[in-house]
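The values are calculated or read from the model by the stated rules, or taken from the named source; none is laboratory data. Please read all numbers here as calculations on a predicted model, not as lab measurements. Glycine gets a Cβ as well: all are built from the backbone with ideal geometry, and neighbour counts include every protein chain shown. Note: areas computed on protein heavy atoms with side chains; ligands, DNA, RNA excluded. Shrake-Rupley method; radii C 1.70, N 1.55, O 1.52, S 1.80 Å.
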Amino acid sequence: MAQNVLCEVNSCRFWAENSCTASTIKIGKSTMTDVTRNAETDCETFETK
């Protein structure tokens, strides 16, 4: 399990009281250009509860 990963997305099945319980986490970019802000990233590990 990834350790000390904070998450605020309580609609994800890996969410547990502001922590991510996924064994691995994949972060991708949400734009086709270079990422320069956190708003341009996406958690690809997200799964709906």
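Do you know which of the residues in the range 1-25 that are assigned to a strand (DSSP E or B) and under 12 Å from the mean Cα position of the chain (by Cα) is farthest from Lys49 (Cα to Cα)?
So the residue we want is Leu6.
Which condition does Gly28 not pass, out of (1) touching a residue at least 12 places away in the same chain (Cβ under 8 Å); (2) open to solvent by 60 Å² or more (accessible area, probe 1.4 Å); (3) outside any loop (DSSP other than H, G, I, E, B), if it passes all the others?
Every condition holds for Gly28 apart from (2).
Find all pairs meeting these conditions: Cβ atoms under 9 angstrom apart; at least six residues apart or on different chains; first residue within the range 1-18 and within 14 Å of Glu44 (Cβ to Cβ); second residue among the aliphatic types (A, V, I, L, M) and modelled with pLDDT of 95 or more.
That search, which allows pairs on different chains as well, returns Cys7/Ala16.
Report, by residue number, each residue of the range 1-25 that is of a type in the set (A, V, I, L, M) and open to solvent by less than 70 Å² (accessible area, probe 1.4 Å).
Ala2, Val5, Val9, Ala16, Ala22, Ile25
Quick check on the range 31-45: of everything there that is β-branched (Val, Ile, Thr) and assigned to a loop (DSSP other than H, G, I, E, B), which residue is least open to solvent (accessible area, probe 1.4 Å)?
Thr45
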